[in-house]
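None of the figures in this text is laboratory data; all of them are computed from the coordinates on show. On a predicted model such as this, the values are computed, not experimentally measured, just so you know. Reconstructed Cβ throughout: ideal geometry from the backbone, glycine too, with neighbour counts over all protein chains shown.
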Amino acid sequence: MRKSLFTVFAFVLGLSLILSACAPKTPTPAPATQAPATQPPATEAPTQPPAPTVAPTEAPTQAPFVFGMLLVGPYNDRGWSQAHYEAGKYVEQKLGAKMIYLDKVNPADRPGTTASQLAEELVAQGARLIIFNSDDMKDESTKFAQEHPDVFVIMASGDQVWKEGKAYTEIPNMINIMGRMEYGKMIAGCAAALTTQTGKIGYLGPLINDETRRLAASAYLGARYCWTKYLGKDARDLAFKVSWIGFWFNIPGVTDDPTKVADDFINSGYDVIISGIDTTEALTQAKKAHDAGKAVWAIPYDFIGACEEAPDVCLGVPYFNWGPEYLKAIKAAAEGTWQSQFVWAGPDWKDINNPDTSAVGFVKGKALSENAARMVDQFISELAGGLNLWVGPLKLQDGTEYLKEGEVATDQQIWYLPQLLEGMEGQSVPQQ
Amino acid sequence: MKREQIGLSLGLRLLAILLALLFTVMVLLLSGAPPLEAFRQIVLGAFGSYKRFTDVLVSWVPLLLVSSGLLITFTAGLWNIGIEGQITLGAIATTWALRLLQDSTFPPALSLLLATLAGMLGGAIWALLAGALKTFGGVNEIFGGLGLNFVATALTLWLIFGPWKRPGIGSMSGTEPFPQALWLPVLPGLRLSLWALVPGLLAWGMVFLLLSNTYFGLRLKAVGKNLRAAYLLGVPTWQHMMLAFLLCGALGGLAGSFQVTAVYHRLIPAISSGYGYLGLLVAMLVNFQTLWVAPVAFFFAALNLGSIQLPIVLKLDSSLSGVIQGVLVLFVLLLDGVRRRMERG
């Protein structure tokens, strides 16, 4: 019996070997963008001489520069990951480079693997630069960059190579890129405040960290400004509640269900939901409530096309436009002018929706009333003119002073916001 | 076993594999993918380089441990579905021990050893709970195990989002990574740790010896084949079942422990990586033959790793490996039934 099973196993192995041997001869129609796949796996990193800052110049007429992208969610999530994916397409088109990518890079979707391991798979397929697109891969991106000094690394939303940051590590082959979404969120908050009829805004938050605290706080600052300044109402009459689900998107059985959190908002009188998570549950649940006759709106996040899923309830979307900064960094890698740096890119105030110059933007939605749209435009032009809402006096949620009267927050104070702000409801740090 | 029977059994096994392959090819064709290229990518992805091969070994170790452990419970006639929870508890206990020890003056090697033992203990205790529910509470081990799996997951989530959260962060991502001194040492430039591989192989060898060459193994078989007869013949049955649970749980806990010390270096919600359920498939497939655990587990690990190429190169979903594994088990079980019918008739 044992002998027979051995034969079986040998057969399986043999069969797979035969299959693999046959395949190259088969004229398989290569599915789009497969060129390097049929080549033998590129040299593993350690065999190449480390040359982080002086990458050899590559003639664009020869093999295109290949960059790899690890996406934490599905590439078509209408949110965070899709915004990165589209930026990759943008770079392909502008630079003649080639993108390979792997999506759903998280331990729940790809059990038993780590992000640095998957990055190596992209390198094996020819990638010379890897984009890690999520905060969730921050530690792994550091590990990978240090182990592969000859591969360029872009860690989106991270602060490892910010000299003035709290987590500074010298990693010559890494660039951090993040958009100043604070502006996008302020505009979103403004649109929400101008629309709400109940005076209650819900913020569907992902997990709790520096980034999510400062973005939720920005939405609140924008909402409070437009509520008091444009509508002439009392700030105390504006309720702004943050509910966190525990991760960037829904993981069944692990995070709180964003669908349920959104419904809870709607059922307790919050008529505008601002989304802070990677996916569009806030919008879809608002649409369901709207179709059932409720006056409810939502503001999705991340991706320029997010409103399309439910335009009737969409007030607009603050989105990332990663393309221009990715283009700069990847071009520098290809041309040998790479410099490790921390990039926190703002909107192009001449036109925040310029696809070639603005790192963050805001597209107004169909559900935004004409009157509110006018005031949102006014708010945007005030911001463009230098209006800063991160100015004291501002207090943290527990009442301690964050900014003194007239004090302007530094980049570090904003980036590392330790708590939510006074006037916001919800957890500043996890409590259980 | 007679010669014809061996022939029949072999033929049916081959048929099962062939059917599984055919089914997979059909799935691939239906999704508009080139089957040969897909298989080629899987093989390349698992064996295309030395490093990939060693990566297969990295996930082979926990799968080997879990499947070997499950053979002990299978032999005793027990369906230890709770293995997932036992892996998880092993990971939790190891994390707990490392958290206690990381600020102590203990040398890292000693801390790691203690943490590994804690992991085995954690898995064993969780398995004993399922065993106690079965033996003393009359709760079928399948239901008890499933329940305990849920409790283990809930416990992990609570620890990650609560007492063991990273400072200032509330995320289901995982706990703070341990300092590198508390990682199991790996071979240079690789992810494979001999400190995990060797214990994995040893455990497998010991389970083989235990089941095939010891009195204990024989009695375990008696318990598994016919509980009542074994009892009447004087085998202490419930004690043997509890021991089977204990050993399996310890091996599952060891797998979970290695997930923390050799793979993720922290506790994450998906720490078991589904190796428990995958191990059940392996154990079913090898049909009580411990020697076969190693190659079949290796084959499964290779499929899992190799299939990562599918989304990268062919834009296919990598869950294809799961389809192949599941279909393979189904066809083998199906044709086993056919064989038994033919032998009877």
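What is the calculated FRET efficiency for A:Q339 to B:L146, with r their C-beta to C-beta distance and R₀ = 51 Å, to the nearest 0.05?
Once the sixth-power term is evaluated, E becomes 0.40.
Quick one: work out Rg over Rh on the C-alpha atoms of segment B:56-314, Rh as Kirkwood radius. Please report the intermediate quantities before stating the final value.
Details: Rg = 18.3 Å, Rh = 18.5 Å.
Answer for segment B:56-314: 0.99.
Report the relative contact order of segment A:363-407, percent, no decimals, based on alpha-carbon pairs under 8 angstrom and at least 6 residues apart.
24 percent
In whole Hz, what ³J(HN,Hα) sequence does segment B:160-174 give by Karplus (6.51, -1.76, 1.60; θ = phi - 60°), x for Gly and Pro?
So the Karplus estimates, Gly and Pro as x, are 5, 8, x, x, 9, 5, 6, x, x, 10, x, 8, 7, 4, x Hz.
Once amide H atoms are built 1.01 Å from N in the peptide plane, which residues 5 or more positions from A:G179, or in another chain, come under 5 Å H to H?
Correct list: A:A345.
How would you rank B:T237, A:T198, going from fewest to most other Cβ atoms within 10 Å of each one's own Cβ?
So the residues, fewest neighbours to most, are A:T198, B:T237.
Where the Cα atoms of segment A:121-230 are projected onto their three principal axes, how long is each span, largest first, in whole Å?
Principal extents (largest minus smallest coordinate, Cα): 55, 31, 20 Å.
Of B:V223, B:L233, B:V207, which is farthest on the positive side of the dipole of segment B:56-314, counting Cα position, with +1 on Lys and Arg Cβ, -1 on Asp and Glu Cβ, and the Cα centre as origin?
With unit charges placed on the Cβ atoms, the residue in question is B:L233.
In deg cm²/dmol, rounded to 500, what helix-only [θ] at 222 nm does chain A give when every DSSP H run of at least 4 residues adds -39500 (n - 2.57) and the total is split over its residues?
The helix contribution divided over chain A gives -10500 deg cm²/dmol.
Charges at C-beta only: +1 for Lys and Arg, -1 for Asp and Glu. How large is the resulting dipole of chain B about its Cα centre, in Debye rounded to 20?
With Lys and Arg at +1 and Asp and Glu at -1, about 620 debye.
Arranged by the count of other C-beta atoms within 10 angstrom, fewest first, what order do A:V91, B:V332 take? Write down the numbers at each step before the final one.
On the way: A:V91 26, B:V332 23.
Taking fewest neighbouring Cβ atoms as first place, the list is B:V332, A:V91.
Using a Förster radius of 56 Å, what is the FRET efficiency between B:M342 and B:A109 based on their Cβ-Cβ separation? Nearest 0.05, please.
0.50
Arrange the following residues from fewest to most other Cβ atoms within 10 Å of their Cβ: B:D336, A:D271, A:D377.
Fewest-to-most Cβ neighbours within 10 Å comes out as A:D377, B:D336, A:D271.
Pull out a ≥ b ≥ c, the square roots of the eigenvalues of the alpha-carbon gyration tensor of segment A:282-407, then state rounded if a/c is under 1.5, prolate if not and a/b is larger than b/c, and oblate in the remaining case.
oblate
I'd like to know which of B:G168, B:L19, B:P311 lies farthest towards the positive end of the charge dipole of the protein assembly as shown, counting +1 on Cβ of Lys and Arg and -1 on Cβ of Asp and Glu.
B:L19
Segment B:279-345 to segment A:194-233: how many Å between their Cα centroids?
The distance from the Cα centre of segment B:279-345 to that of segment A:194-233 comes to 52 Å.
Could you let me know the centre-to-centre spacing of segment A:402-432 and segment A:321-371, using Cα atoms, in angstrom?
26 Å
Given Cα pairs under 8 Å that are at least 6 residues apart, what percent is the relative contact order of chain A?
17 percent
Looking only at other chains, what is the average number of their beta-carbon atoms within 10 angstrom of each beta-carbon in B:305-313?
For peptide B:305-313, the averaged partner shielding equals 5.
Evaluate the charge dipole of segment B:1-98 about its Cα centre and quote only its size in Debye, nearest 20, assuming +1 on the Cβ of each Lys and Arg and -1 on the Cβ of each Asp and Glu.
In debye, rounded to 20, segment B:1-98 gives about 280.
Using a 10 Å cut-off on Cβ atoms, rank the peptides B:150-157, A:386-393 from the highest mean neighbour count down. Can you show the working numbers first?
Values: B:150-157: 17.6, A:386-393: 14.0.
Per-residue Cβ counts within 10 Å, averaged per peptide and sorted highest first, yield B:150-157, A:386-393.
Explain nothing, just the number: dipole magnitude of chain A about its Cα centre with +1 on each Lys and Arg Cβ and -1 on each Asp and Glu Cβ, in debye rounded to the nearest 20.
Around 620 debye, computed over chain A.
Given that compact globular proteins tend to follow 2.2 N^0.38 Å, what is the ratio of the alpha-carbon Rg of the protein assembly as shown to that value? Please list the in-between numbers first.
On the way: Rg = 28.4 Å, N = 777, 2.2 N^0.38 = 27.6 Å.
The protein assembly as shown yields a ratio of 1.03.
So who's got an amide H within less than 5 Å of the one on A:Y203, skipping anything under 5 residues away but keeping other chains? H placed 1.01 Å off N, in plane.
A:K241, A:V242, A:S243, A:I274
Can you give the average number of partner chain beta-carbon atoms within 10 Å of each beta-carbon in peptide A:206-213, as a whole number?
Values: counts 3, 6, 6, 6, 2, 0, 3, 3.
Per residue, the average neighbour count from other chains is 4.
Report the gain in length on full extension from B:L187 to B:L22: 0.36 nm times residue separation, minus Cα-Cα distance, nm rounded to one decimal.
55.5 nm
Order the peptides B:64-71, A:109-116 from the highest to the lowest mean number of other Cβ atoms within 10 Å of their residues.
Highest mean packing first, the order is B:64-71, A:109-116.
Please work out the C-alpha center-to-center distance from segment B:2-24 to segment A:106-168 and express it in whole Å.
Using only Cα atoms, the two centres lie 45 Å from each other.
Less than 11 Å Cβ to Cβ from A:I201, Lys/Arg counted +1 and Asp/Glu -1: what total charge do the surrounding residues give?
Cβ neighbours under 11 Å give a net charge of +1.
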